[in-house]
């Protein structure tokens, strides 16, 4: 008889994935959610049509470790400015990252707005998982 | 169809013998996205074992496998209808005129996200979005401007609008009347397919039930008042883009079309009073033959559904009228010029599949909305196909192909099976409301994306034949913030100069009609004629219906 002991592996990090603004494209953020869960992360997804304030509040309420914003309508610079202000107002210092339809040229501006990382169009799943793994190790 | 030449017939067993054992064993399997396995060779036998040769039939004759019209492009090529719109109505009008001058034969209007989600340009939630992904529309004044001088009888207009469709269709009809077009002859299309918005695309506003009610209001109203208008374009496109395979794309689209049909019949219309005006919007990317077979098998299936299940008397009720050619999911950011080639293949697929209308994604789609140059290339792709490639010379040129007919049969059978599975679970509306569709296809999207990124599914320029590109300068279509300001100023001006009492009265009528479950089109038309805004009318409806609370499914 073989006795199998299952070790409950604790989740690496808790990530909130949010869709701010009016953009309704959620294929990418859901693909990422699946990938993160498959790689040992806990994922909370806000759904569409959330304000930056709602996303930040949800992050606070759920005590998440990192926030990911998915933006495909081209409004990323506007929303990142809002995110910067909202994080300060809420007193949250956890890292927030941005992905979606982001041109390479805008990565710098997004970081300048306070994002910990920006993942432009063409970013692989692997790249995001590796980044989150690194965050998990630092924790 | 004539009797096959039996003196020279080759059946599958002989085929197997003809190939040496060693080559057969070494061959890797080819399995299509739909799950169908592809043989190295097809013969007459394969058509006969998968379906009925009689079902191939003739174009323009039930069950329409070979095309809905007898002469198809030999009589008139497919309509070229590139999606376009941005900024203010002035900018969009200019782009329309440019496209028409370059030979575009139909218009398809893109609206910005505030317009699509029922918000005015001065709403705080519209910040940064006004005129960005499409044209901003606040009042009838915007439609008066964008369509000024365009002959709506010569060049039909498609409105890509869903959540706020009732407002925009009302504006379109009000504008057409104002410009003295006869509504009894007016053609055009409204996408007006809310059920797919809950699966993918996401421009819903109200909860599911009232949203469907509004779709049917438009269908019912148009059947009576604008009988040549297509009040709905059921979209498989977005369902496929969200992760569905080609079989699921068609199956779910047909289930949705049937749901709208069933609801419309409940209003007392007969099938022949509206079915011929239903239209569809499908996706194209991936395996060329799988896509062609998808359309041919589906066209035959739709005809059978309308004739056998709904007992239509008019043949035109059975026609699968469609737009196809776009396939954003197949395009890449890497080596964007490759997207021109991909779109050319998708155009070929679309033409070989017998589409009525074609529109292509432009090569810069991974970056932004199309530049003028990119839109021009898309038009030229279609024009070269029409004028240089002989695509219009004969109907359904692949008809009778052993492979294409076999695969068309197999796709039809697979779509039927998938539809039955949806019905067994309680129907498409329930499946959407409980997230069954969303969960299934989002996991598929993940596995497919992973397969591409792992290299299991080849993608030229991405996982094979990559070139390490130095920072390239792709010319982007720029967003003009001044246009947003102009639009807000214009909105404020309209609000100052309109008859406020008339607007109040009209909005009150919409509220009352919504509360008493009447068809809302007359009340909304009255409101838009008084220059009520998209936001005001949408808010009035939100007050009655509430807003959709998206359940989280992935």
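Every number here is computed from the coordinates shown, using simple stated rules; none is lab data. The shown structure was predicted, so the numbers you read here are calculated from the model rather than taken from an experiment. Neighbour counts run over all protein chains shown; Cβ positions are idealised from the backbone, glycine included.
Points to keep in mind about this one:
- Cβ crowding within 10 Å averaged over residues, with B:81-90, B:228-237, A:112-121 ranked highest first: B:228-237, B:81-90, A:112-121
- Ranked by the mean number of other Cβ atoms within 10 Å of their residues, highest first, the peptides B:451-459, B:484-492 fall in the order B:484-492, B:451-459.
- Between helix B:481-497 and chain B: long-axis angle, C-alpha atoms, 0 to 90°, nearest 10: 50 degrees
- Label-point separation, residue A:111 to residue B:76 (7 Å along Cα→Cβ), nm: 5.6 nm
- Cα gyration tensor shape of the protein assembly as shown, rounded if a/c is under 1.5, else prolate or oblate by comparing a/b with b/c: oblate
- Test item: B:437-444 mean partner chain Cβ contacts at 10 Å: 2
- Förster-model FRET efficiency, 45 Å R0, residue B:102 and residue B:314, C-beta, rounded to 0.05: 0.75
- Between segment B:25-40 and segment A:75-139, the alpha-carbon center distance in angstrom: 42 Å
- Ranked by the mean number of other Cβ atoms within 10 Å of their residues, highest first, the peptides A:37-49, B:506-518 come out as A:37-49, B:506-518.
- Rg to Rh, two decimals, where chain B supplies the alpha carbon set and Rh follows Kirkwood: 0.98
- Mean residue ellipticity at 222 nm, helices only, the protein assembly as shown: -14000 deg cm²/dmol; runs of at least 4 DSSP H residues each add -39,500 (n - 2.57), and the sum is divided by the number of residues.
- Theoretical FRET efficiency, 1/(1+(r/R0)^6), r = Cβ-Cβ of residue B:552 and residue A:90, R0 25 Å, to 0.05: 0.70
- Rounded to two decimals, the Cα radius of gyration of chain A over 2.2 N^0.38 Å is 1.08.
- Mean per-residue shielding of peptide A:30-42 is 4, counting Cβ atoms of other chains within 10 Å of each Cβ.
- Label reach from residue B:439 (point 7 Å along Cα→C-beta): in segment A:20-48, amide nitrogens under 16 Å belong to A:34, A:45.
- Relative to the longest principal axis of the Cα atoms of chain B, helix B:402-424 runs at roughly 50 degrees.
- Computed Rg/Rh of segment B:443-508, alpha carbon atoms with Kirkwood Rh: 1.43
- Look at the stretch B:456-469: the mean tally of other chain Cβ atoms within 10 Å of its residues' Cβ atoms is 0.
- Computed over chain B: relative contact order in percent, which uses C-alpha pairs under 8 Å that are six or more apart: 19 percent
- Crossing angle, helix A:76-90 versus chain A [Cα axis fit, 0-90 degrees, rounded to tens]: 70 degrees
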